[in-house]
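One structure is given here, and the rest of the page talks about it.
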Amino acid sequence: MATVAGVAVDTGHWIGGERVPAGGGATFTDVSPIDERPIAEIARGGAAEAEAAVAAAHRAFPSWSRTSREERARILHAVADGVEKRIEELAQVETADNGALIRSHRRGVMPRVAHNFRFFADWLLNLGHDDFETRGHTNHVSWDPAGVCALITPWNAPLMLATWKIAPALAAGNTVVLKPAEWTPLTASLLADIAAEAGLPDGVFNVVQGYGAEVGGPLTAHPDVRRISFTGSVPTARTIAAAAAPNLTPLSLELGGKSPLIVFADADLDLAVDLAVEQYDNAGQVCLAATRLLVESSIAEEFTRRFLEKAGRLTQGDPRDEATDIGPQIHRRHLERVDGFVRRARDAGARALIGGGPNEDLGGLYYRPTLFADAPEGAEILTEEVFGPVLTLQTFETEEQAVAMANGTRFGLAATLATGDRERARRVTERLVAGTVWVNCFFVRDLKAPFGGARQSGVGREGGDWSFDFYCDLKNTVTAPWAR
Ligand SMILES: NC(=O)c1ccc[n+]([C@@H]2O[C@H](COP(=O)([O-])OP(=O)(O)OC[C@H]3O[C@@H](n4cnc5c(N)ncnc54)[C@H](O)[C@@H]3O)[C@@H](O)[C@H]2O)c1
Ligand SMILES: O=C/C=C/C=C(\O)C(=O)O
């Protein structure tokens with residue numbers, strides 16, 4: 001047990017409805033990004049724990065998969081109730097663990113966690129497909145549960161991204177083994193308590209803590225795992241895809257991005273600036289962030305002036321303070337990685353209009369919001385995901401050029417455009433390579449919509465029917481006309 005922000009959090013695994021302490025006493029230290037102090041010693045799982053969790057999930061599958069949809073939905077709503085009762089505790093623990101703003105956790109993220117469960121519980125009850133006829137034969141499509149799902153998630157929005165997978169996987173009648181990111185293990189452990197209190201049967205949901213290769217490796221190579229859903233980086237996705245290959249385990253991959261925000265001269269400039277500054281949210285640690293500001297030349301000067309003015313008013317500091325706009329980076333190693341990108345960008349000739357280094361006033365893991373201009377074509381800073389508060393500004397002359405620049409990376413997660421011209425929005429949107437396009441808005445998410453990335457931003461889509469498509473084995477039953 002650890003006490004974090006006044007909340008008791010179990011530091012072991014959760015396997016088959018039981019708390020499993022660190023095998024052989026092996027633990028790792030969980031550090032808070034707020035001040036880099038250790039906050040918990042977490043069980044460091046390995047192949048044995050991965051094996052035990054898959055076995056528990058495998059044993060629990062027959063009964064859970066045959067539990068009625070109504071009963072599954074009822075339990076998932078009870079989990080949502082439990083989350084809602086503990087929003088403040090979850091928010092406090094998540095902020096201590098990943099350094100994201102308490103105000104977002106209280107009002108955005110944790111309510112969304114509850115919504116993840118409610119949405120997929122309700123979607124399950126309406127899931128279906130109309131029967132259809134072929135020469136008098138009926139076709140009936142059913143959505144059969146697939147089996148044990150291994151879910152592997154990152155640290156930037158730990159509980160939100162985990163439950164976005166857990167909820168549909170469980171709703172579909174599957175059982176789950178979750179491996180949270182080692183930098184943010186805590187809220188997954190609290191979710192295990194909540195799920196147990198809500199009456200989720202033992203073994204239906206399991207949590208194994210530990211490092212990627214040590215737990216994630218054996219988990220993703222396990223022949224009894226029938227689905228792997230992963231959110232994280234491209235290199236890890238390659239390793240996971242290779243581990244899944246011998247078993248041909250179906251994969252859903254939600255990966256990185258280098259998304260554009262395209263600002264046309266006909267845009268509402270205040271809105272465009274608001275959208276641009278919003279890209280520093282979560283200290284830039286957002287997969288969907290539109291980190292490349294592509295601005296039409298004729299308005300670039302005015303846009304930049306207003307952007308710098310607005311960004312200059314952002315308050316950086318302790319994420320537990322409601323007034324803070326930008327908190328710390330997740331970890332010392334991550335901050336150094338971000339800083340490496342910034343230093344190389346400068347070496348390549350880019351000019352930092354703001355920021356460009358750690359916040360020396362605050363010290364620790366606080367990195368200044370940064371905007372680069374004049375990065376040379378092809379520079380790393382224009383093509384690689386930084387995953388920190390670092391944006392670049394480029395200008396374009398024509399719509400054609402804007403589209404080419406927007407599509408000019410190996411990613412295709414999202415794109416945002418600001419324009420006052422509906423026809424232009426339609427034309428440009430049609431040509432963008434992106435899983436999600438926002439026009440004059442950002443991060444408006446409906447869980448019914450398909451979510452995922454093109455190119456190296458991912459494989460597959462989740463959300464609404466697409467989640468059930470992935471987490472189910474679809475079956476078509478063709479029945480001949482019955483003899484009279
Ligand atoms: N597209 C999306 O929905 C989305 C959302 C959030 C974050 N992301 C991406 O996630 C990345 C940041 O997250 P990160 O740094 O935690 O990513 P990461 O790939 O380093 O780690 C993600 C998870 O994979 C695990 N892992 C590491 N090696 C493994 C292995 N060999 N086998 C199995 N599991 C392994 C880690 O322990 C962690 O739980 C960024 O690229 C970001 O864009 C994408
Ligand atoms: O950092 C990435 C955030 C992704 C958001 C979602 O996956 C979501 O809203 O479901």
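Throughout, read-outs are computed from the coordinates displayed, never taken from laboratory work. Small disclaimer: the values here were computed from a predicted structure and weren't measured. Quick reminder, even Gly has a Cβ in these numbers, built from the backbone with ideal geometry, and neighbours come from all protein chains shown.
Dividing the summed -39500 (n - 2.57) terms of all DSSP H runs of n ≥ 4 by the residue count of the chain sets its mean residue ellipticity at 222 nm at -11500 deg cm²/dmol. Taking each residue as 0.36 nm, the span from residue 71 to residue 140 lengthens on full extension beyond its C-alpha to C-alpha distance by 22.5 nm.
The order of the peptides 27-38, 278-289, 127-138 by mean Cβ neighbours within 10 Å, most packed first, is 278-289, 27-38, 127-138.
Taking every DSSP beta bridge that has both ends in region 260-439, the antiparallel portion is near 15%. With the largest listed first and rounded to whole Å, the semi-axes of the equivalent ellipsoid of region 260-439 from the Cα gyration tensor are 27, 17, 15.
Of the chymotrypsin sites (Phe, Trp or Tyr not before Pro) found in region 437-484, those that fall in a DSSP loop while having at most 11 other beta-carbon atoms within 10 Å are 482.
Here region 229-251 is scanned for amide nitrogen atoms under 14 Å from the site 7 Å beyond the Cα of residue 473 along Cα-to-Cβ, giving 248-250.
Nothing charged except the Cβ atoms of Lys and Arg (+1) and of Asp and Glu (-1): what's the magnitude of the dipole of region 260-439 about its Cα centre? Round to the nearest 20 debye. That gives a dipole near 480 debye. Find which of 293, 242, 319 sits farthest along the positive direction of the dipole of region 232-324, computed with +1 on the beta-carbon of Lys and Arg, -1 on that of Asp and Glu, about the Cα centre. The residue sitting farthest along the positive end of the dipole is 242. Each label point was placed 7 Å from the Cα along the Cα-to-Cβ direction; for residue 313 and residue 247 their separation is 5.3 nm. A straight chain from residue 422 to residue 8 at 0.36 nm per residue would run longer than the Cα-Cα distance by 143.8 nm.
The listed peptides 91-97, 416-422, ordered by packing as a protection proxy, come out as 91-97, 416-422 (highest mean of other Cβ atoms within 10 Å first). Computed over region 43-184, relative contact order equals 31 percent, with contacts defined as Cα pairs under 8 Å that lie 6+ residues apart.
Packing here is the average count of other Cβ atoms within 10 Å per residue, and on that basis the peptides 177-184, 374-381, highest first, run 177-184, 374-381. Taking other C-beta atoms within 10 Å as the exposure proxy, 472, 149 rank 472, 149 from fewest upward. To the nearest ten degrees, helix 297-311 and the longest principal axis of the Cα atoms of the chain are 70 degrees apart. In the chain, Cα pairs under 8 Å separated by at least six residues give a relative contact order of 18 percent.
Taking a ≥ b ≥ c as the square roots of the Cα gyration tensor eigenvalues, the chain comes out oblate, since a/c reaches at least 1.5 and a/b does not exceed b/c.
I want to make sure I understand the PRE zone here: with the label point 7 angstrom from the Cα of residue 131 toward its beta carbon, which residues in region 450-484 have backbone N atoms less than 19 Å away? Within reach of a label on residue 131, which here means backbone N under 19 Å from a point 7 Å along Cα→Cβ, region 450-484 contributes 474-484. Here region 148-221 and region 1-78 have alpha carbon centers that stand 7 Å from each other.
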